[in-house]
Each structure stands twice: as structure tokens, then as C-alpha cells.
1. If the Cβ limit is 8 Å and pairs must be 6+ apart or interchain, which residue in the stretch 122-144 that is free of Cβ contacts under 8 Å to residues at least 60 places away in the same chain and under 19 Å from K109 (Cβ atoms) pairs with which residue that is of a type in the set (A, V, I, L, M, F, W, C) and surrounded by fewer than 13 Cβ atoms within 10 Å (Cβ to Cβ)?
2. With respect to I306, is the statement that it is among the aliphatic types (A, V, I, L, M) and over 27 Å from S409 (Cα atoms) true?
3. Among (1) part of a strand (DSSP E or B); (2) within 30 Å of L466 (Cα to Cα), there is one condition E583 misses while meeting the rest; what is its number?
4. Taking A290 as meeting all but one of (1) assigned to a loop (DSSP other than H, G, I, E, B); (2) hydrophobic (A, V, I, L, M, F, W, C); (3) modelled with pLDDT of 95 or more, write down the number of the exception.
5. Counting only residues that are assigned to a loop (DSSP other than H, G, I, E, B) and surrounded by 18 or more Cβ atoms within 10 Å (Cβ to Cβ), how many does the stretch 666-684 have?
6. Taking the stretch 184-204, which residues are touching a helix residue (DSSP H, G or I) at 6+ places or on another chain (Cβ under 9 Å) and under 26 Å from E583 (Cβ atoms)?
7. Using the structure shown, decide if N394 is in a helix (DSSP H, G or I) and polar (S, T, N, Q).
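The values are calculated or read from the model by the stated rules, or taken from the named source; none is laboratory data. It should be emphasised that the depicted structure is a prediction, and the values quoted were computed from it without experimental measurement. Reconstructed Cβ throughout: ideal geometry from the backbone, glycine too, with neighbour counts over all protein chains shown.
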Amino acid sequence: MNNLMKITFSLFLFIAAINNSKADNGRIKFGKVSMEELAMTTYDKDTSAVAVILYDSGSSYFETQFINESSDFVIKFERHVRIKILKPEGFNYATFKIPLYHSTDGEEKMGSIKAKTYNLDGKIITDKLERNSIFDEETTPNWKQVKFTMPNIKVGSVLEIKYQVTTPFFHNFKAWKFQYSIPVVYSEYNTRIPSYFNYQITTKGYYPLTTTNDGHRTENFLIKYTEMDKNSGSAKSIEHQYTLTPVSQANIYSAENIPAFKSESYMLAEENYMCCIEFELQSYKFDYGAFHNFTSTWENVNEKLIKSDEFGLAMKKDGFTKDILSEIIKEEQTEEEKTALLFQAVQNNVKWDEKYRLFCDKSLKNTWKDKAGSSAEINLLLVAMLREAGIKANPIVLSTRKNGIIHPSHPTITQMNYVIACAEINDKKYLMDATDPYCPIGILPFRCLNDKGRLITENDSEWINLDPNTGSKISMVSSLSLTKEGTIEGKISEAFYDYESIDIRKKIANNTDGYSEKLESNYEDWNISEIEYKNLDDRNKPTQIRYSVAIENLVNMEGERIYFNPILKYKTSENPFKLEQREYPVNFGYPISVSYLLILELPENYILEEQPKSSKITLPDNGGEYTYQVNYSNNKVVVKYAFSTDKTQYVPSEYEYLKEFYNQIIAKENQILVLKKTEPTALK
């Protein structure tokens, strides 16, 4: 038996041992790492894996703790994970970040951390994580993370980590991820929930889970509290205690041989599609206690936001907007004109601090004074100013693309992390985000294009579609001539619309000289001159760039023939879709369109000998189209192509069509023109 067969067989035995321990309701013991795990050099089910999670086990259960002279329930979360490093690219899996929530109502606390790195050097070498290698970092006002990197990491290392987190927040019952960007041999999550607590359980992803009912058991929770003696004149405190005995339901959620999640171009947050299980608190009630209902509706969410000091009431606290409006707008202006001026005033005067916020951390008055603020502060300020001007305006709350999709059937505030503004004029809604100085009214930053948002008004709320009415469009027109020496000379005009126009303006960023230099450096064989920019300051018009060009080394001259690819720019050179199968949607964010026109004058005594056939490639259900045409007359070749994806999102069943659509475009755009030299016409 050769070494590879030995390692593969050993890994099979290890997986079998895991499955047997699962069947016996047992667990892998911390510190008991085998020689087979250390000798493992590749994962046979995915030889490209840079690392593999050999074992991942989590548990969440309830206890009581005596805090501030009284007992209360807390949730204990424990995790034990073992990871094998297979390639240098897997070293980043040796860094752990454990999030902890805190508020005025309490804080989550990190318990014990045990962590070891194992290496094989004739014998097993063990390196223990030292306490001084563990760091606390504040990430947001209510979140921090415990961060550490495992010691002595090498290719072949096995990492083992075990830790515990205690939370006083019943709504923070830990979710569990079964899938990562590396494969997982075995993963399980054990939960034990007393009958006092009712959670809605949601699974996500495309990999099947096994749910095992591990039975019911009676718990014993000791409750203690201290109160002052009620007898007159007594200064004594009296301690009381009693035991609660609810029945808990135990479940085991498990999965094995989970493939690595393969991310690809044009997708929303990975967390939307990775296999996981989540728990949302619906209600709780203790023996003889009050019923606490957390089952929410969108009406409840709306009411909480409207009554919040950091949201709805923040727009009513300050009357300072009256003082600044007179400097920006005039009474005789239309509502559309006033909206545009107020939007630009906030855009140009208040800089986004790049914080994604649903609530304000400071007053709107201070936001205007500081000339800086979060997404909530900037856009709630805009709403307040619009209202002061007599315009019907309200905020829209949403979840950004990286934050995940909002589940309409789970109405909670915690799903949202961002605010934009909406003005309604003559029954038409205008969506605005003043955090981006380049976006005009009606076009939201790309980060906001995440299905739907919730419009929040004083009395009601409704869903608002965030998909843009416009998309991304590039139009290029070239009028060029080919010299006998093989140089292409002439004029090129490019126009950029909507999202493309925004991107170009950001790249130029009031520095046309810098952008001109970059434009020339990006095309080494292009000698670009006479660059002219138009509409840079008018966000409602397409950005235009015109220039003269002399291009060398683009054609291949062989004897009497010239070979030439007529796609000078915006060529699809690589297919962004490479997976055999994609189980999650393709999301472009907005429709994409490219229009290309080349008018090429041939050198004297040259004709077009060969040319690509004109063709039309389409996606089913009007999902997109690509047309390619070549025409030749009067010593000129005219090459046109038009590309469009007409939908924002394509479901997994359309993936193969989309993938083939790009394959055919690439093949078409790799075809060349063949020019042939002819004998000059004799003079009579």
C-alpha cells in the first residue's frame, strides 16, 4: 500500500470514527489528535481545498446566574472545532474573530478559550495559544470581537479550538454555520431549549441537514433574589430562592461531507446562501410570570422606529432646518426644484463617514454642523429638510448587499442596517441617498441595490422595490483609418450613462489630468491626445470622453494580408461564470448595456477578404441579447455589437444559459478580420 493510499484509508477511518461517535451521541475529545490527521496531505473529496474542517461541534443551552443580587437566565454557547491546514493559502483560517454584543442592558462575555496547534516532526509537537495573543477589538458601538491567531502555523498543521460565550440576551441564541469556503467533514449543533422559550427556527442554504430529536428532559434552575426586609425599621436584606423545573427539548442538527461554498462573480452576500440554522425569539413566559411576546409585525417595526429618539423623533427634535432652508431654496420654486437643491446641499456639505447605520449616534443639528455623519444621520437630515420645505418625505430602511437579504416573513429591526430618503411628488416616488456625492436623484449607490426596503411613515409602512429603473450603459463610437504600416489612427468618442457615469466620475474625481495619464498608461500601444471631457458636473447627463488616438502593434501583417481583431475596447475576454452548477442566483444589481461601433477606413489597395458572420445570441425569456454585425463598402469596414442583460437577477435554473451566453460572446469577439492587398488598378 503506497503512502497516498495509506493517507486516504486513514482519513476514511477518521471519518468513520466521527460517524460512530455521532451515533453514540459522543464527541471528539479535545487534545486527542491522531497521527492520521497530522499525516493527511490532501482531502480526497476536494483536492483543491486549502484547508478542511475535520470536526465542528457546537452547543447552546440555558443556565441561571446570580447577577446584581438576583438570578436570571443566560444562554451558554460552546464550540469545539478542529481544522487541517493543507496549503499556504489556508493560513488565514488560523485567525479567529468571535463577535460579542453589549448594550446598556448587559453584555456577552467570553469564557475559557483552549487552543492548540499540532505539527508532526517525527512526533507530535504541540503549541498552546498564550493569553497575551488574545485581543479585544471594538467594531461598532454595540459590538466587539475577540481576535487571535494560532501559533506556529505550517502546511500540515492541525488546529484545535474550544471556547465558551455567555449571553444574557435571549434573542441572541447563536446561529450555527455548517458551511464555509472550505469543506467540512462533519458538523453538528446541539440545542437544549426550556419550554419557557419559543424560537422560530430557520434553515438557509442548499445542503441538507439531519435533525435528530434528542428527547425531553426536566431541568432544574435555581432562582435567587434579595430584597429588603419589609418590616418597619429593619435594615436587613432577605435572600429568597426557589427552583424552576421546565421541560427542555433537545435537538441535534448535523451534516457531513459538506462541500466548500464556491463564491463567484455577481452574487449577494455569501451568508444568504451558505448552509446554516438561525433562531429568532418569538416569546417567553416563566412559571407564574408575565407573557413576553416578541412576535413582531412590520407595523410593530414601523412604530418602534417612529417612536425612537435616534430615528423618528430625531427628525423632530431640532428646528434648525428653518434657518438654513432660506439660504438654499425659494418659495416660488417647484417641489422638484426644491428637492434637487436640498439633495445637493446635503450631498455637497455633509461627508459620509462610511458607517452603515440604522439609528443616529448624534443629533441632526450636529451632523450639519460637523459636516459629517453616518448613513442614518445624513439621510434622516435630508428627510427633515424636505419636510420643512413642505415636501412629502419619509425614510426607507434597508439591508445593504453585504448585510444579507431581508426576510419579509420575519419582521425585525435587526435585519436592517441602512437608511435612504424618499420624496413623493405628484404620486411619484424619488429615492435618494445623499451619502454618495456622485449619485443623482433616483439612482442609489450599488451597495443599496438589495431587493426591497421598507418605507417608514408616521402611521404605516410598505415595501419599496430597490431595483433601479436605469442600469449601466456604455456607448463607444470610433472613426479610424488603418495605414499601410499597420497603425490605426483617428477619433474615439465614449459616453457613460447612469451607473457607468457614476463610476467614471469617481475615477476622475475632479482630476482630469490624472485620469488622462491613467487612460494612456492602461493602453501601452495607444498614443492618446486631445482628450476632451463633457458633463462632468452635470450628474443628470451622460459623461462623455473624446480623444484622438494612434494605435500601434495591434494588427498582424503577414505578406499581403493583415489580420486584425476589430474589438478595441470592452471586449469580453473571460467568462465570469465558471462553476459546473450554481445553486444561488446571479445578481448584477442593475441591467447592463454596451453599444460598440467601429468605422475603419482600409489602406489603399486593400480589401476585406474574410470577416466574421453576423450573428445574434439571445437569453431565454427576454433575459438578454448580443448582436454582432460586420459590413463592408466603399473601402470601409463597419463593425457593430450590442450587448445587454435585461434583468437584474437570474435564478439558478438560468445559470447554464447565462454561462453559454458569455461563452458564445467570447468566441465571437475573438474572431478576426482578414485584409488582402490587391494589385493597383492600371490607368487607361
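1. none
2. Against the criterion (among the aliphatic types (A, V, I, L, M) and over 27 Å from S409 (Cα atoms)), I306 does not qualify.
3. With respect to (1) part of a strand (DSSP E or B); (2) within 30 Å of L466 (Cα to Cα), E583 is out only on (1).
4. Only one criterion is unmet by A290, namely (3).
5. Number satisfying all stated conditions: 0.
6. Correct list: V185, Y186, E188, K204.
7. no
Per-residue answers, yes or no, for (1) β-branched (V, I, T); (2) in contact with a strand residue (DSSP E or B) (Cβ under 9 Å, 6 or more places away or on another chain); (3) touching a residue at least 60 places away in the same chain (Cβ under 8 Å); (4) crowded, with 17+ Cβ neighbours inside 10 Å:
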{"residue": "S478", "(1), (2), (3), (4)": "no, yes, yes, yes"}
{"residue": "E485", "(1), (2), (3), (4)": "no, yes, no, no"}
{"residue": "D503", "(1), (2), (3), (4)": "no, yes, no, no"}
{"residue": "T512", "(1), (2), (3), (4)": "yes, yes, no, no"}
{"residue": "E517", "(1), (2), (3), (4)": "no, no, no, no"}
{"residue": "E520", "(1), (2), (3), (4)": "no, yes, no, no"}
{"residue": "E532", "(1), (2), (3), (4)": "no, yes, no, no"}
{"residue": "Q544", "(1), (2), (3), (4)": "no, yes, no, yes"}
{"residue": "M557", "(1), (2), (3), (4)": "no, yes, yes, no"}
